[in-house]
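Encoded as structure tokens, the structure appears first; notes follow it.
The values are calculated or read from the model by the stated rules, or taken from the named source; none is laboratory data. These numbers come from a predicted model, not from an experiment. Glycine also receives a Cβ, built like all others from the backbone with ideal geometry; neighbour counts cover every protein chain displayed. Heads up: the accessible areas ignore ligands, DNA and RNA and are worked out on the full protein's heavy atoms, side chains in. Shrake-Rupley method; radii C 1.70, N 1.55, O 1.52, S 1.80 Å.
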4 protein chains.
Amino acid sequence: MTAGLTVIPSIMRASVLTAAGSLEVQERPVPLPDPDQILVQVSAVGVCGSDVHYYREGRIGDFVVESPMILGHELAGRVVAVGVNVDDSRIGRRVAIEPQRPCGRCKQCRAGRYNLCPYMEFYATPPIDGAFAGYVAIQSDFAHDLPDNVSDSAGALLEPLSVGIAAIRKTHIRPGSSILIAGAGPIGIIVAQTAKAFGASEIIVSDPIPERRARALLFGATRVIDPMEDDPSQLEVDAFVDASGSPRAVDSGIRAVGPAGYAVLVGLGSPTMPLPVAHIQNLEVIVTGIFRYTDTWPTAIHLVSSGQVDLDSLVTGNFDLDHVREALESDRNPESLKSIVHPNL
Amino acid sequence: MTAGLTVIPSIMRASVLTAAGSLEVQERPVPLPDPDQILVQVSAVGVCGSDVHYYREGRIGDFVVESPMILGHELAGRVVAVGVNVDDSRIGRRVAIEPQRPCGRCKQCRAGRYNLCPYMEFYATPPIDGAFAGYVAIQSDFAHDLPDNVSDSAGALLEPLSVGIAAIRKTHIRPGSSILIAGAGPIGIIVAQTAKAFGASEIIVSDPIPERRARALLFGATRVIDPMEDDPSQLEVDAFVDASGSPRAVDSGIRAVGPAGYAVLVGLGSPTMPLPVAHIQNLEVIVTGIFRYTDTWPTAIHLVSSGQVDLDSLVTGNFDLDHVREALESDRNPESLKSIVHPNL
Amino acid sequence: MTAGLTVIPSIMRASVLTAAGSLEVQERPVPLPDPDQILVQVSAVGVCGSDVHYYREGRIGDFVVESPMILGHELAGRVVAVGVNVDDSRIGRRVAIEPQRPCGRCKQCRAGRYNLCPYMEFYATPPIDGAFAGYVAIQSDFAHDLPDNVSDSAGALLEPLSVGIAAIRKTHIRPGSSILIAGAGPIGIIVAQTAKAFGASEIIVSDPIPERRARALLFGATRVIDPMEDDPSQLEVDAFVDASGSPRAVDSGIRAVGPAGYAVLVGLGSPTMPLPVAHIQNLEVIVTGIFRYTDTWPTAIHLVSSGQVDLDSLVTGNFDLDHVREALESDRNPESLKSIVHPNL
Amino acid sequence: MTAGLTVIPSIMRASVLTAAGSLEVQERPVPLPDPDQILVQVSAVGVCGSDVHYYREGRIGDFVVESPMILGHELAGRVVAVGVNVDDSRIGRRVAIEPQRPCGRCKQCRAGRYNLCPYMEFYATPPIDGAFAGYVAIQSDFAHDLPDNVSDSAGALLEPLSVGIAAIRKTHIRPGSSILIAGAGPIGIIVAQTAKAFGASEIIVSDPIPERRARALLFGATRVIDPMEDDPSQLEVDAFVDASGSPRAVDSGIRAVGPAGYAVLVGLGSPTMPLPVAHIQNLEVIVTGIFRYTDTWPTAIHLVSSGQVDLDSLVTGNFDLDHVREALESDRNPESLKSIVHPNL
């Protein structure tokens, strides 16, 4: 490990999930980067719904937190050291982190679908620690340089933007397409902005909550509907993205898709849902989902740096490492959209 | 209309569905071909599950038989006359008929998806008459010349083979792929043969009935399973085709699809089915269906003519126009696979 | 033909190419729309390089002007009458015209590639008359309603924009991609704008003429290069579009394309050119060309109406029917970009 | 390194290219497998045109043999030892080797195009040694188990079959397609067989030498033509593969491709060739090339094991390590097709 000028401590503070509902700030050893890794001093970490889920339930589906774990996987920071195989010119750079470590050798990796690597190590997914901590290590290739005009918080939120980009790519929309998005939470809002950046001319966001609909109009939606009043299935759109996880929204959204259009399911809900099979058949609708992302950070950085996507305005709360609980609980406030933890504040 | 040497009568016999469950042989005027059409003396007509459904129920979903209608849409015959804009060299040719008439001008037609044309006129779909009759008219471009080594019955069964080709195309399989097919009825058997012709190396057919499983092994399956004993969802295949319409088969079949694989729903069942959404998301499975076909007859003819697909052996019963009822009822015999009506026998 | 309130004359004025280099304003009968057509009073017609070529040479490749022909195929106008099968609500609408009439029935049409229809009738391509005339007829489906904020001239220039859209679609660029465009003439400028609308983050335009490079920077280019000084082949881009027809530009442009990238040849030059085959092989570059377009007008209208593409600023000269010669000669002025003929001025 | 029961020597014999035209059998240390590698005792090595080229010229384009190098990259053998991270159940297995080592981490690798990895180490490409030697090391994932019914020689020839599969995949042919193949040498013959396995119904092979045309008919061609007598450009096919490297064949072959068809350039010839650009544009032909392959061995093994492709019959000469020169010179005999070197004979 080639050290830079920064003095790197051997011990860091980290917010550790010790049991469902129980967080504790502990001292942990600063990770040592592997030969192909870098060490990053963490500046900003976004709070994701999955963090909240692990915090509250201690599990997501088959992924169970069985020993103390650090949450947080949306992050940006500054490179403070590099592994032996990494050029030390990276030291000092501000970077956004793609928080995954695929094996690089399995069938999925070799096919360009490293997000589906069965040997994946992903931040804040048991038993891999995440980023509510002073420092993290990541492969150099998965730390993406940030332009000066992208803030630390926006750098952290490139992760949910990557989800939006992965979803929109699978919709196959292009300039002039129409799209329906169910759910105006953080992901729905990001998907709407991404759809706009990909050229969609009609971006309809459906959400039952008036405040969320109003917010969607500020972030790319050309029209909003209340699904309790206007049945989305009466629309005809080129593509549908579900960012709600609601079975009713998924059903009506798929029904809104016209001939040979795409429905991409992003929201997490029940593992099984009733889907409109006859509609899928009669119109040859293509239904799929996304599992994380591949090769999205360069695009995400471009979209933010060029001003096409606004991530800073999504931030509704900032917290230090001693207030991660408050960050994780902030979703109880309907005004809240994205909370950011600053571990080195 | 340029007449050939054949004397064409003005009246023909036809088996007419007068009400659900009620068939009657009637005299009908021989159709006059439009300028771009040909007149075909019908040799062989396959009985499709949809014919049986209309016969028994008088409707399929939103398609309701409201006035007497002729069933039958899988057919071959001989050209006996041509419309004014058609070269009369076609007269005398044996042809298989693609029984649809898209508008050729709408958005779907212009995009190459003429099967999804909202103005489609399709044989034996209310209110369009089908082919249990002495003669039919069809656009010349949709009557495909038959090689000598393809029988009339096989020519008729190019229609269900087209369904199989359309389904297999959407699976994206290629030489060396693995596929699971649910249901060993006529469509399942044809899909299995088509999968083999497209190069699949592993073709697993699932069906609860032993006789049907045994038959599948004769027509391309490399392995058969009884879904009551072996859970198909424990497999990992590149693609799945449902030819059963069974919700349980659809669910377990989709679960059998590996990363980024395809599930194509062909069987008609309930308009809504519970699907394994979490599996679709976690493995980015692509789920779609087919609605008829585009541009399949040339491929179908090649597959049969070259011996890669055997349609003749699927025929388990032959009937004349006075026994269409028996043809339609033959599915009650579990040994029956495909019945053929010969209207001019 | 259902006439609207407008009194439609039976005779119109038209600028007729009577021989290479020879134009004459003649009286011609106003065309009668077929049942599926509309009659359009022409407002604006763009001058295309192919018009100039026919005017000067009397031919383009195998297409030879053998009898007097009306040029012009980039146009907008107002619907004044409709064929019997067209809803007369169209009368009075401002429309942009997609100046082609595919057969709708051949193999190419059925595959969604109607631009490659061998039976195509295309405006101003011998022996089909074009639009330097008071009125034209076109199938209703190929006349696209114009929003109020799209001018007549911009409506006419949706045709070259369609060329740009067809080219950019084939480049497969998406937000964040880089592209090199050779040639800063009208098509190059439009391709640059289209690339920007499709999200390209780096748009490099190469042209040897300083004034043209300066103009490119006003219309989407993020960087311009003089190919006489900077070798384009030293770049590495995701995609290349040739809008120059220059063998040297084509060669160096293809060499600039990185692994698995696309090169789309739009410019017309020599029918055969030396291409860098080893580079194409070693990097698996995909080289193709475009022949007109399919399904581009809705996208083109959206791009202009939303302000993402500026066509009005491309217009550098306006002419009436008596000055078509001057319009065709205006390309001799290096300041000229697009000339518009207004036949009913 | 976990050793199996086989006693592995520390020294092996190898045929070393010491200078252009100069081969020498030398003793070399047996390679030590890296943690993710296996050690393979080489059974059979095919002679490729590139081996012959390096032998005669000492270089291929920019790749120059600057120090003594072992040739040979088409090979099969038996696993005799494994690296520390490889399961030792692999020991004793007969394997075919995919002779490349991509980095697994660069942009191309992450995109699923590991063949285009700029950090690739490829057998028998300077400075990486090849397989005319007793033993080689390879990553375990790139050694593919051979079924009993695939011989060692066929196992070696899975490498050129992989070239054929990579080429045919890029042609997008499917059952019923037509294809023209220029050149009936080893690659042309393999491409013809592969085209048949992928379902092509019309496989036209063009070669000026009668004996080679006759041989093509034994290996999948449905028709052969002498390009000196029948102009291939008069054909209309769905796809073209050049396996000749002849500019004339490439030009006429591309001209033979119909609307929206594919031309794939495999043969190595001049780095620049005149191509029919107007034809490419007017018919929107897609021209590309291949550089090696990704993920082809499983398919190749299936095609050979199932009897769809016959590689054993391509072998026209067998040589031991002391006769590599004769193997490399055997292409001077027009009867020769593929020579195999058996390093441990």
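Laid out as a table, the results:
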{"quantity": "Positions within segment A:102-133 being without any contact (Cβ under 8 Å) to a residue 60 or more places away in the chain, within 11 Å of another protein chain (Cβ to nearest Cβ) and under 23 Å from A:Gly289 (Cβ atoms), in sequence order", "calculated": "A:Pro102, A:Cys103, A:Cys106, A:Lys107, A:Gln108, A:Cys109, A:Arg110, A:Ala111, A:Cys117, A:Pro118"}
{"quantity": "Residue within segment B:267-281 that is β-branched (Val, Ile, Thr), surrounded by fewer than 23 Cβ atoms within 10 Å (Cβ to Cβ) and assigned by TED's automatic domain parsing to the domain that holds B:Arg169 present", "calculated": "yes"}
{"quantity": "Residues located in segment A:25-55, provided they are among the aromatic types (Phe, Trp, Tyr) and either over 18 Å from A:Thr125 (Cα atoms) or in a strand (DSSP E or B) (or both)", "calculated": "none"}
{"quantity": "Matching residues, segment C:56-71, being more than 14 Å from C:Glu121 (Cα to Cα) and either outside any strand (DSSP E or B) or not assigned by TED's automatic domain parsing to the domain that holds C:Ser330 (or both)", "calculated": "C:Arg56, C:Glu57, C:Gly58, C:Gly61, C:Asp62, C:Val65, C:Glu66, C:Ser67, C:Pro68"}
{"quantity": "Meets criteria (open to solvent by 20 Å² or more (accessible area, probe 1.4 Å), without any contact (Cβ under 8 Å) to a residue 40 or more places away in the chain, under 23 Å from B:Glu202 (Cβ atoms) and among the charged types (D, E, K, R)) for B:Asp251", "calculated": "yes"}
{"quantity": "Residues (open to solvent by 40 Å² or more (accessible area, probe 1.4 Å) and either in contact with a strand residue (DSSP E or B) (Cβ under 8 Å, 6 or more places away or on another chain) or polar (S, T, N, Q) (or both)) located in segment B:306-318", "calculated": "B:Ser306, B:Gln308, B:Ser313, B:Thr316, B:Asn318"}
{"quantity": "Qualifying residue in segment A:307-325 (condition: touching a residue at least 40 places away in the same chain (Cβ under 8 Å), over 24 Å from A:Phe132 (Cα atoms) and more than 14 Å from chain B (Cβ to nearest Cβ))", "calculated": "yes"}
{"quantity": "Top-ranked residue of segment C:152-177 - restricted to ones that are of a type outside the set (A, V, I, L, M) and within 12 Å of the chain's Cα centre (by Cα), ranked as farthest from C:Leu265 (Cα to Cα)", "calculated": "C:Gly155"}
{"quantity": "Qualifying residue in segment D:19-37 (condition: closer than 14 Å to D:His144 by Cα and either at pLDDT below 95 or surrounded by 17 or more Cβ atoms within 10 Å (Cβ to Cβ) (or both))", "calculated": "yes"}
{"quantity": "Residue check for A:Arg59: open to solvent by 50 Å² or more (accessible area, probe 1.4 Å) and touching an Asp or Glu at 6+ places or on another chain (Cβ under 7 Å)", "calculated": "no"}
{"quantity": "Sole exception among (1) in contact with a Gly (Cβ under 8 Å, 6 or more places away or on another chain); (2) without any contact (Cβ under 8 Å) to a residue 12 or more places away in the chain for D:Asp295, by number", "calculated": "(1)"}
{"quantity": "Selection count where residues are assigned to a strand (DSSP E or B) and over 17 Å from the mean Cα position of the chain (by Cα), scope segment C:109-133", "calculated": "1"}
{"quantity": "Residue match in segment B:254-269 (condition: in contact (Cβ under 8 Å) with a residue 24 or more places away in the chain and away from chain A (no Cβ under 14 Å))", "calculated": "yes"}
{"quantity": "Members of segment D:305-340 found to be within 19 Å of the chain's Cα centre (by Cα) and among the basic types (Lys, Arg), listed by number", "calculated": "D:Lys338"}
{"quantity": "Segment D:275-306 - residue that is polar (S, T, N, Q) and more than 7 Å from chain C (Cβ to nearest Cβ) and, of those, farthest from B:Gly176 (Cα to Cα)", "calculated": "D:Thr294"}
{"quantity": "For D:Ala76: the one exception among (1) more than 25 Å from D:Ala243 (Cα to Cα); (2) crowded, with 17+ Cβ neighbours inside 10 Å", "calculated": "(1)"}
{"quantity": "Answer from C:Ile187, C:Ile173 - the residue that is closer than 29 Å to A:Ala166 by Cα and either part of a loop (DSSP other than H, G, I, E, B) or open to solvent by 10 Å² or more (accessible area, probe 1.4 Å) (or both)", "calculated": "C:Ile173"}
{"quantity": "Qualifying residue in segment A:60-69 (condition: more than 28 Å from D:Gly112 (Cα to Cα), among the polar types (S, T, N, Q) and over 20 Å from the mean Cα position of the chain (by Cα))", "calculated": "yes"}
{"quantity": "Selected residue (criterion: least open to solvent (accessible area, probe 1.4 Å)) from residues of segment C:98-108 that are more than 15 Å from C:Phe142 (Cα to Cα) and assigned to a loop (DSSP other than H, G, I, E, B)", "calculated": "C:Cys106"}
{"quantity": "Lone qualifier among A:Val136, A:Val84, A:Val95, A:Val163 - being open to solvent by 20 Å² or more (accessible area, probe 1.4 Å), away from chain D (no Cβ under 14 Å) and not in a loop (DSSP other than H, G, I, E, B)", "calculated": "A:Val163"}
{"quantity": "Among the candidates B:Ser43, B:Ser15, B:Ser50, B:Ser89, residue that is among the polar types (S, T, N, Q) and within 14 Å of chain A (Cβ to nearest Cβ)", "calculated": "B:Ser50"}
{"quantity": "Meets criteria (open to solvent by 20 Å² or more (accessible area, probe 1.4 Å) and under 30 Å from B:Val95 (Cα atoms)) for B:Arg332", "calculated": "no"}
{"quantity": "Residue list for segment A:253-271, filter: β-branched (Val, Ile, Thr), within 20 Å of B:Pro118 (Cβ to Cβ) and in a strand (DSSP E or B)", "calculated": "A:Val257"}
{"quantity": "Cross-chain or 6+ apart pairs with Cβ under 6 Å, segment C:179-208 first and away from chain A (no Cβ under 11 Å), then of a type in the set (S, T, N, Q) and in a loop (DSSP other than H, G, I, E, B)", "calculated": "C:Ala182/C:Ser244; C:Gly183/C:Ser244; C:Ile203/C:Thr222"}
{"quantity": "Of residues in segment A:230-242 being in contact with a helix residue (DSSP H, G or I) (Cβ under 6 Å, 6 or more places away or on another chain) and open to solvent by less than 20 Å² (accessible area, probe 1.4 Å), the one farthest from the other protein chains (Cβ to nearest Cβ)", "calculated": "A:Pro232"}
